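Here is the structure we will look at.
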Amino acid sequence: MSASLKNKSVIVTGASKGIGKGIARVFASHGAKVLVVARNAAEGEATAAELRALGAQASFCCADVTRREDVSRMVQKAVSLHGGLDVLCSNAGAFPSCKLADMTDEAWDSLFVTNVKSLMLCVQAATPELRKSKAPRIVVTSSITGPITGYPGWSHYAATKAAQLGFIRTAAIELARDGITINAVLPGNILTEGLVGMGEDYIKATAACVPLGKLGTVEDIGHAAAFLGSAEAGYITGQTLVIDGGQILPESPAALGA
Ligand code: NAP
């Protein structure tokens with residue numbers, strides 16, 4: 001447990017379920033005060049209540065991270081409820097499937113707004129408050145898909161996840177003068193509610209491609225985010241951390257059976 005996270009004010013976007021909920025749970029377990037952000041109020045309130053039942057200080061903010069005014073309200077809510085802002089986890093994202101042949105302008109543009117513009121809006125809104133923190137951190141949830149690997153149906157998604165890394169490398173330099181670090185976690189296949197919904201056969205087939213022989217948990221990503229969000233990670237910025245059970249390592253499927 002990182003003592004440096006105790007009483008820190010943390011925003012986790014997309015924390016009502018999936019990876020964001022895992023990140024929120026891990027920060028809460030370290031004693032951080034967590035603002036759960038999502039659009040669905042019932043799910044978001046339920047997550048915040050779950051964290052409070054574990055003994056954490058947690059609240060919900062209903063916000064669409066693609067909207068500048070919502071993002072600004074989100075930051076102000078963290079400040080007013082939790083006394084400031086120390087860590088921004090920009091995790092909310094979408095991953096609709098669409099083959100290249102069927103891609104429309106609308107499908108392409110709207111995913112860039114959800115996954116990339118939202119990151120810029122969150123970082124921009126959080127910066128003035130993060131500047132006041134003693135150990136200000138930003139942790140972005142990217143993916144192995146795009147920066148490292150590819151998968152049919154996700155050309156737009158892959159492009160957004162790679163774009164996030166381009167963003168953090170320049171943002172890291174601009175934010176460094178204020179002592180703010182920004183890094184990204186790159187999850188492989190993680191057992192979220194959405195992935196469980198794809199069925200046991202899909203999960204088994206995917207796990208067979210992972211050297212560690214299993215899919216990751218949302219807490220696996222949460223632990224990596226908590227490290228990058230801690231005071232101890234203060235000399236790391238503009239970097240990426242792959243959390244994938246070794247999935248990107250095999251040269252070919254034959255490597256796994258050799
Ligand atoms: P998920 O289970 O579908 O959860 C997405 C979360 O983001 C929900 O809380 C959702 O709540 C929120 N969200 C989506 N759009 C939003 C918006 N415009 N404004 C505010 N909140 C929004 O997804 P996940 O699988 O956990 O993925 C989370 C992140 O991890 C994404 O960035 C994704 O690209 C990345 N990732 C996931 C995997 C994986 O295996 N699952 C692998 C690599 C990377 P509302 O719908 O209520 O807003």
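Assorted remarks:
- Contour minus Cα-Cα distance for Ser155 and Glu43 (0.36 nm per residue): 37.4 nm
- Helix-only CD estimate at 222 nm, as mean residue ellipticity for the chain, using -39500 (n - 2.57) per DSSP H run (n ≥ 4): -13000 deg cm²/dmol
- Tilt relative to the chain, helix 41-53 - C-alpha long axis, 0 to 90 degrees, to 10: 70 degrees
- Euclidean distance between Cα centres, segment 85-144 to segment 180-203, Å: 16 Å
- A P(r) calculated from all alpha carbon pairs of the chain, with 10 Å bins opening at zero, reads 8, 32, 37, 19, 5, 0 percent.
- Trypsin sites (Lys or Arg not before Pro) within segment 1-35, DSSP loop, no more than 11 other Cβ atoms inside 10 Å: Lys6
- With all pairs of separate Cα atoms included, segment 144-230 yields a Kirkwood hydrodynamic radius of 14.9 Å.
- Within segment 29-94, all pairs of alpha-carbon atoms sorted by distance into 5 Å bins from zero give the percentages 3, 18, 27, 29, 17, 5, 1.
- Once the C-beta distance of Leu256 and Ala3 is scaled by a Förster radius of 45 Å, the resulting FRET efficiency is 0.70 to the nearest 0.05.
- Separation of the alpha carbons by more than 18 angstrom is noted, of Lys161/Lys214; Lys8/Lys117; Lys21/Lys117; Lys117/Lys161, for Lys161/Lys214; Lys8/Lys117; Lys21/Lys117.
- Here the residues Lys204, Lys161, ranked from fewest to most Cβ neighbours within 10 Å of their Cβ, fall in the order Lys204, Lys161.
- Whole-number percent relative contact order across the chain, with pairs defined as alpha carbons under 8 Å at least 6 apart: 20 percent
- Cross-link partners for Lys132 among the aspartates and glutamates, with Cα-Cα distance under 19 Å and sequence neighbours closer than 8 places in the same chain left out: Asp86, Glu174, Asp178, Glu232.
- Cleavage-rule hits (trypsin sites (Lys or Arg not before Pro)) in segment 76-147: DSSP loop, at most 14 neighbouring Cβ within 10 angstrom: Lys99, Arg131, Lys132, Lys134
- Between the helical axis of 118-130 and the longest alpha-carbon principal axis of the chain there is an angle of about 30 degrees.
A short reminder: the numbers here are calculations on the coordinates, not readings from a lab. Keep in mind it's a predicted model, so treat the numbers as computed, not measured. All Cβ positions, glycine included, derive from the backbone under ideal geometry; neighbour counts span all protein chains shown.
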